[in-house]
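Asker: The structure follows.
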Amino acid sequence: MKKITIAGFALAAFLLAGCNNADDHDINGSLTQVGVANDFYLNNAPAASIILSKDKSHFLTLSINSNSLHTLLTKKEAMNYNQNNPNIDASLNWNGHFIIDKNKPSGLVLRLESLNKENNTAKIHYTATLVSPKADTNKTIQLSDSFTLSDSNWQKIDKLYQQQQKLQAKQDSQNKETSN
C-alpha cells in the first residue's frame, strides 16, 4: 500500500507541476457536487459518474467503474495517467472541452480521505490535469479539491461496489470449482 500511495503522490505532483498554464480558464473556488449518474458501463464493467459543477455549462465529470472503485475503497487511491487505466476517466466542460489524453501530459488521481458507512458519506480528493483534445492547442486545466458524497449519492456508489463484490465472489467460486 505504501508503494501505491507514493506513486499516487508522485503522479499528483507531476500532474500539477508538469503543466503550469491554465490559458485563460480560471476556475476559482470549489465545484459543487450536483449528482451521481449510474446504470452504465465503462470498460465493460458497471460504472458511475460523479458530476461536479459551478453552473449548468461548467462541469467536471469523474467516471469510475466497479474495478477502480474497488481499488479506491480498498487501497484508498485510483489513478489514470495518459489513459493508462481505462477504468477511470475525467472530462471537463469549461470554456471548451478537456480530457485525459494519451499523448499530452494529463491524468487523474482520486484519493479516499474518509468513509463513514453509518452516515453514508465519503470524502474524496481529486487532482486532475486535463487537456484540450485539439491537436493544434496546448490548453491545460489543473484542478485539485475534495468533495463529499452523502446519502443517496453515496448509496449509488456503494451499490456499484456491492455489485463488484458479488461478481468477484462468483468468479472466485467458479475458479475454485475449476481448479478442483
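The values are calculated or read from the model by the stated rules, or taken from the named source; none is laboratory data. Just so it is clear, the structure is predicted and the values come from calculations on it, not from any experiment. Here the Cβ is made from the backbone with ideal geometry for all residues, glycine too, and neighbour counts use every protein chain on show.
A quick yes/no check of all residues on (1) buried (at least 17 other Cβ atoms within 10 Å of the Cβ); (2) at pLDDT 90 or above; (3) hydroxyl-bearing (Ser, Thr, Tyr); (4) more than 19 Å from Leu52 (Cβ to Cβ):
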| position | (1), (2), (3), (4) |
| --- | --- |
| Leu110 | yes, yes, no, no |
| Asn119 | no, yes, no, yes |
| Lys123 | no, yes, no, no |
| Tyr126 | yes, yes, yes, no |
| Gln142 | yes, yes, no, no |
| Ala169 | no, no, no, yes |
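Asker: Just wondering, is there one or more residues in the stretch 62-73 that are assigned to a loop (DSSP other than H, G, I, E, B) and either touching a strand residue (DSSP E or B) at 6+ places or on another chain (Cβ under 9 Å) or among the aliphatic types (A, V, I, L, M) (or both)?
Answerer: We begin by selecting, within the stretch 62-73, every residue assigned to a loop (DSSP other than H, G, I, E, B); these are none.
Looking for residues that are assigned to a loop (DSSP other than H, G, I, E, B) and either touching a strand residue (DSSP E or B) at 6+ places or on another chain (Cβ under 9 Å) or among the aliphatic types (A, V, I, L, M) (or both), one finds none in the stretch 62-73, hence no.
Asker: Working only within the stretch 98-116, note down all residues that are touching a helix residue (DSSP H, G or I) at 6+ places or on another chain (Cβ under 8 Å) and either more than 26 Å from Gln155 (Cβ to Cβ) or in a loop (DSSP other than H, G, I, E, B) (or both).
Answerer: Hits for the stretch 98-116 are Pro105, Ser106, Gly107.
Asker: Is it fair to say Lys134 is of a type in the set (Lys, Arg) and part of a loop (DSSP other than H, G, I, E, B)? Working first, answer last.
Answerer: Numbers: of a type in the set (Lys, Arg): yes; part of a loop (DSSP other than H, G, I, E, B): yes.
So Lys134 fits the description; yes.
Asker: Identify all residues within the stretch 90-105 that are out of contact with any Phe, Trp or Tyr (no Cβ under 9 Å at 6 or more places or on another chain) and either among the hydrophobic types (A, V, I, L, M, F, W, C) or within 13 Å of Ser57 (Cα to Cα) (or both); write none if there are none. Show your work before the answer.
Answerer: Start the filter on the stretch 90-105 by keeping residues that are out of contact with any Phe, Trp or Tyr (no Cβ under 9 Å at 6 or more places or on another chain), which leaves 95-99, 101-104.
The answer is Asn95, Gly96, His97, Phe98, Ile99.
Asker: Of Ile27, Ile4, Ile50, which residue is surrounded by 19 or more Cβ atoms within 10 Å (Cβ to Cβ) and either at pLDDT below 95 or outside any loop (DSSP other than H, G, I, E, B) (or both)? It would help to see each step written out before you state the result.
Answerer: Values: Ile27 fails: surrounded by 19 or more Cβ atoms within 10 Å (Cβ to Cβ); Ile4 fails: surrounded by 19 or more Cβ atoms within 10 Å (Cβ to Cβ).
After applying the criteria, what remains is Ile50.
Asker: Here's something else I'd like to know. Would you say Glu77 is among the acidic types (Asp, Glu) and modelled with pLDDT of 90 or more? Working first, answer last.
Answerer: Working: among the acidic types (Asp, Glu): yes; modelled with pLDDT of 90 or more: yes.
When the stated conditions are applied, Glu77 passes them.
Asker: Quick one: which residue in Asn120, Asn153 is in contact with a Phe, Trp or Tyr (Cβ under 6 Å, 6 or more places away or on another chain) and over 21 Å from Asn43 (Cβ atoms)? Working first, answer last.
Answerer: Details: Asn153 fails: in contact with a Phe, Trp or Tyr (Cβ under 6 Å, 6 or more places away or on another chain).
Step by step, each of Asn120, Asn153 is checked, and only Asn120 is in contact with a Phe, Trp or Tyr (Cβ under 6 Å, 6 or more places away or on another chain) and over 21 Å from Asn43 (Cβ atoms).
Asker: Can Lys102 be described as loosely packed, with under 15 Cβ neighbours inside 10 Å, over 11 Å from the mean Cα position of the chain (by Cα) and on the phi < 0 side of the Ramachandran plot? Before you say what the answer is, go through the steps one by one.
Answerer: Details: loosely packed, with under 15 Cβ neighbours inside 10 Å: yes; over 11 Å from the mean Cα position of the chain (by Cα): yes; on the phi < 0 side of the Ramachandran plot: yes.
Here the answer is yes, as Lys102 does meet what is asked.
Asker: Now a separate question. Quick check on this structure: which one of Asn119, Asn95 is out of contact with any helix residue (DSSP H, G or I) (no Cβ under 7 Å at 6 or more places or on another chain) and on the phi > 0 side of the Ramachandran plot? Outline the logic, then answer.
Answerer: Working: Asn119 fails: on the phi > 0 side of the Ramachandran plot.
That would be Asn95, the only listed residue that is out of contact with any helix residue (DSSP H, G or I) (no Cβ under 7 Å at 6 or more places or on another chain) and on the phi > 0 side of the Ramachandran plot.
Asker: If you take the residues in the stretch 128-140 that are surrounded by 12 or more Cβ atoms within 10 Å (Cβ to Cβ) and among the small types (Gly, Ala, Ser), which one is farthest from Gly96 (Cα to Cα)?
Answerer: Ala128
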